[in-house]
Amino acid sequence: MIQHFLDYIAIERKYSPRTVEAYRDDLRDFCRFLDRTPEEYDPAGVDETDVKEWMLDLLEKQHQSPRSVKRKLSALRSFYKFFLRQGKVRKDITARVLPPKADKPLPVFFREEEMKAALEKEDTQHSTLNTQQSQRDNLIISLLYQTGMRQAELLGLTDADIDLQQGQIRIFGKRRKERIVPIGDALIAQIKQYQASRDTEIINHQSSISNQQSSIINQQFFPGLTKYSLYKIVRTRMGEVSTLKKHSPHVLRHTFATAMLDNGADIRTIQTLLGHASLSTTQVYTHTTFEQIKRVYMATHPRAKGNRKDEK
């Protein structure tokens, strides 16, 4: 029954493979708690108490964070709602179970001067990198910062998604939801330079004209780029200019949103560019910006707390 549900969210709901895998792991974890295999699991044979005891076990014995437990409960809730609609269970045993409260951490982001340094910095490994690879790494940083796309979205990017004449990129987000993000002239020039270098290298490695053409027209925009290699590129490049502990593609997405907000973009526009389904997801960036404002105020206003001089 679990596999039936996983097939449903993968095929009909078009969840990403990563999300489907997370749901599978969460449901298997619940089965292990009940001392049953996924094949033996019967949704009708479990009650609300089992769910509550599982959550307590996760929190108190396994020491998992409230946020992780909340995510696992969400997976189980989706599972029961699916079988409720199918008529295979009479009630949703998760409906009255409250998730643990979890503070939502504010997103971290690179400062403007750090991004400027990263984008202007000559590749420190240029002597050991070929021109095409160096151009690729520079473009990766620029794309993530200037479009706000997710890691998976960049990895799935194809040449057909980029319209240089219109100055825009078509991005397929979660559940294959499509959005269009505009790009500026400098980024367009950078893309053209990278494509020319990349396509020349591909043609040089192909033997037939038909293979050459299909490789260039239908290829992944960054051939051979993996999740691991992408993370390594961002970590190396941003680690050279930033003191943040975290240097990931997602931090560049946060940086994009924060920069847009700081420079006057309205929250609805940022929501559209990021591909957020809910405005509440985007609003976390307003809290980040306010924290910036507060720090500046406390550091610079003569009567602010922590900045007052003792009167003599």
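The values are calculated or read from the model by the stated rules, or taken from the named source; none is laboratory data. Since we're looking at a predicted model, the values are computed, not measured. So basically every Cβ, Gly included, is an ideal-geometry build from the backbone, and we count neighbours across all protein chains shown. Side chains are part of the model used for accessible areas, which takes the heavy atoms of the whole protein and leaves out ligands, DNA and RNA. Shrake-Rupley method; radii C 1.70, N 1.55, O 1.52, S 1.80 Å.
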note = Scanning the stretch 138-159 residue by residue, the ones that are surrounded by fewer than 20 Cβ atoms within 10 Å (Cβ to Cβ) and of a type in the set (Asp, Glu) total 1
query = Among the residues of the stretch 40-49, is there at least one that is surrounded by fewer than 17 Cβ atoms within 10 Å (Cβ to Cβ), farther than 16 Å from Val97 by Cβ and of a type in the set (D, E, K, R)?
reply = yes
query = Pick from the stretch 75-101 the residues that are of a type in the set (A, V, I, L, M, F, W, C) and either open to solvent by less than 40 Å² (accessible area, probe 1.4 Å) or in contact with a Leu (Cβ under 8 Å, 6 or more places away or on another chain) (or both): which of them is farthest from Phe5 (Cα to Cα)?
reply = Val97
message = Which pairs turn up if I take residues in the stretch 219-237 that are under 18 Å from Ala196 (Cβ atoms) and look for partners that are surrounded by 12 or more Cβ atoms within 10 Å (Cβ to Cβ) with beta carbon separation below 6 Å, at least 6 apart in sequence or on another chain?
response = Phe221/Leu157; Phe221/Thr158; Phe221/Asp159
request  = Filter the stretch 268-284 down to residues that are open to solvent by less than 40 Å² (accessible area, probe 1.4 Å) and more than 21 Å from Glu153 (Cα to Cα), then give me how many there are.
outcome  = 1
Some residue of the stretch 4-15 being surrounded by 11 or more Cβ atoms within 10 Å (Cβ to Cβ) and on the phi > 0 side of the Ramachandran plot = yes
request  = Among the numbered conditions (1) assigned to a helix (DSSP H, G or I); (2) surrounded by 14 or more Cβ atoms within 10 Å (Cβ to Cβ), tell me where Glu60 comes up short.
outcome  = (2)
ask   = Are any residues in the stretch 154-185 assigned to a helix (DSSP H, G or I) and free of Cβ contacts under 8 Å to residues at least 40 places away in the same chain, and if so, which ones?
value = Asp185
Matching residues in the stretch 241-266 - criterion: being open to solvent by 40 Å² or more (accessible area, probe 1.4 Å) and within 21 Å of Val296 (Cβ to Cβ) = Thr243, Leu244, Met260, Asp262, Asn263, Gly264
query = Quick one: how many residues across the stretch 19-33 are without any contact (Cβ under 8 Å) to a residue 40 or more places away in the chain and either under 17 Å from the mean Cα position of the chain (by Cα) or open to solvent by less than 50 Å² (accessible area, probe 1.4 Å) (or both)?
reply = 3
ask   = Pick from Val69, Val51, Val46: which is modelled with pLDDT of 90 or more, of a type in the set (A, V, I, L, M) and over 26 Å from the mean Cα position of the chain (by Cα)?
value = Val51
ask   = Across the stretch 160-194, what is the total count of residues that are of a type in the set (Lys, Arg) and open to solvent by less than 40 Å² (accessible area, probe 1.4 Å)?
value = 1
inquiry  = Could you list, ordered by first residue, the pairs with Cβ atoms under 8 Å in which the first is in the stretch 69-81 and on the phi > 0 side of the Ramachandran plot and hydroxyl-bearing (Ser, Thr, Tyr) and the second is modelled with pLDDT of 95 or more and open to solvent by less than 60 Å² (accessible area, probe 1.4 Å), at least 6 apart or interchain?
reply    = none
query = If you go through the stretch 75-84 one residue at a time, do you hit one that is at pLDDT below 90, in contact with a helix residue (DSSP H, G or I) (Cβ under 7 Å, 6 or more places away or on another chain) and either within 24 Å of Asp26 (Cβ to Cβ) or in a helix (DSSP H, G or I) (or both)?
reply = yes
request  = State yes or no: is Thr236 in a helix (DSSP H, G or I), among the hydroxyl-bearing types (Ser, Thr, Tyr) and at pLDDT below 90?
outcome  = no
inquiry  = Looking only at the stretch 143-177, how many residues end up being under 22 Å from Tyr15 (Cα atoms) and within 15 Å of the chain's Cα centre (by Cα)?
reply    = 17
